Amino acid sequence: MFNTDVIYEVVTFSVGDTKAGTKMGKLQLKNTEDSSILNCVLWEETLNRFDSKVFRTGNLVKLVSASFNEKFNNCLVSALEVVKEAKTGLSEAEREQYYEAIIDYIDKIHDEKINTFLMRYFMEHKERIKIMPAAKVMHHNYIGGLLVHTLECLQFAEANMEMADYKFNRDNIFAACILHDIGKIFEYTIDLETGLIDYDENFRKEWLSHSQYGFSICMNEGFKPVAKMIAAHHGRSDWGAIIDLDQKDLEPELYFIHLIDNLSAKFGKINVAKLEDKGTANCQS
Ligand SMILES: [Fe+2]
Ligand SMILES: [Fe+2]
């Protein structure tokens, strides 16, 4: 059921076609009081009355007029009101700061081959790297989200390497943090006006996943230990990992990158609301 007094947060929004050839909006809302999920449908005439900005992920909305369909367990929405518009992500100045903070980490890599490759790659793809999200829904799903996620991984990795007795190859760990999700710059599209994220169909035609992309570019460059960490960073094959960590005798670094990735994805600035919490970008390295 739904409640017209409750404030809902937009989780996802997509538009598809009905059998009759008209447009249909699918909107997933989260009840901010009990975190329950409400699946909603909007017919074409309703969609036409709204700017797509209304459905941006993170927006806080109230249902003004809707009816609940028991059979489909969804809510047909005919009117809603935006209570608070979410940020679309990092501002241009923040993106520049985050980008530079990652370049500072590349500077810390002594291995000349890795350092040169990363500098060149970052210059070549700077514009995409600066805007892309780290996910459509799961975490860091906003403009500049990949920058924030990458920097968080670098910072978590640096702090944990500092505390550990294990002798890490810091160059490889930093490179794995920087490159583990780099395929996402081609895997997604993001609208800089609305902040809406989608999958890039062309990426899917050429590549299986961003893990495979990162693994391949590292193998091509001869960065085999980095490639292996990228192959395992999703942890389990049913989570998209090429190497499943549920195997014996794997290098400890493979677990490290998986854990670091998870730290950022679960405890970092995972959504736009978290960006607003602290007010300013935490991108001092
Ligand atoms: Fe990933
Ligand atoms: Fe990641």
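The values are calculated or read from the model by the stated rules, or taken from the named source; none is laboratory data. All of these numbers come straight from a predicted model, not from anything done at the bench. Counting neighbours? That spans all protein chains shown, and the Cβs are built from the backbone with ideal geometry, glycine included.
Residues in region 110-142 that are closer than 14 Å to Lys274 by Cβ and away from ligand 1 (no atom under 16 Å from the Cβ): Tyr142 alone.
The set of residues in region 227-275 being part of a loop (DSSP other than H, G, I, E, B), hydrophobic (A, V, I, L, M, F, W, C) and within 15 Å of ligand 1 (Cβ to nearest atom) consists of Ala241, Ile242, Ile243, Leu245, Ile270. Considering region 89-138, the residues that are in contact with a Ser or Thr (Cβ under 7 Å, 6 or more places away or on another chain) and not hydrophobic (A, V, I, L, M, F, W, C) include one that is farthest from Asn262 (Cα to Cα), namely Asp104.
Residues in region 146-187 that are hydrophobic (A, V, I, L, M, F, W, C) and not in a helix (DSSP H, G or I): Ala164, Phe168, Ile182.
Given the criteria within 13 Å of ligand 2 (Cβ to nearest atom), assigned by TED's automatic domain parsing to the domain that holds Phe156 and either touching a residue at least 12 places away in the same chain (Cβ under 8 Å) or within 28 Å of Ala164 (Cα to Cα) (or both), does Gly240 qualify? Against the criterion (within 13 Å of ligand 2 (Cβ to nearest atom), assigned by TED's automatic domain parsing to the domain that holds Phe156 and either touching a residue at least 12 places away in the same chain (Cβ under 8 Å) or within 28 Å of Ala164 (Cα to Cα) (or both)), Gly240 qualifies. Screening Glu193, Glu187 for residues that are within 11 Å of ligand 1 (Cβ to nearest atom), farther than 18 Å from Leu118 by Cβ and charged (D, E, K, R) leaves exactly one candidate, Glu187. Tell me, please, whether a residue that is modelled with pLDDT of 95 or more, assigned to a helix (DSSP H, G or I) and out of contact with any strand residue (DSSP E or B) (no Cβ under 6 Å at 6 or more places or on another chain) can be found in region 129-142. Yes: region 129-142 contains one or more residues that are modelled with pLDDT of 95 or more, assigned to a helix (DSSP H, G or I) and out of contact with any strand residue (DSSP E or B) (no Cβ under 6 Å at 6 or more places or on another chain).
If you check Phe72 against the conditions, is it outside the structural domain of Ile190 (by TED's automatic domain parsing), among the hydrophobic types (A, V, I, L, M, F, W, C) and either out of contact with any His (no Cβ under 7 Å at 6 or more places or on another chain) or loosely packed, with under 14 Cβ neighbours inside 10 Å (or both)?
Working: outside the structural domain of Ile190 (by TED's automatic domain parsing): yes; among the hydrophobic types (A, V, I, L, M, F, W, C): yes; either out of contact with any His (no Cβ under 7 Å at 6 or more places or on another chain) or loosely packed, with under 14 Cβ neighbours inside 10 Å (or both): yes.
Answer is yes for this residue.
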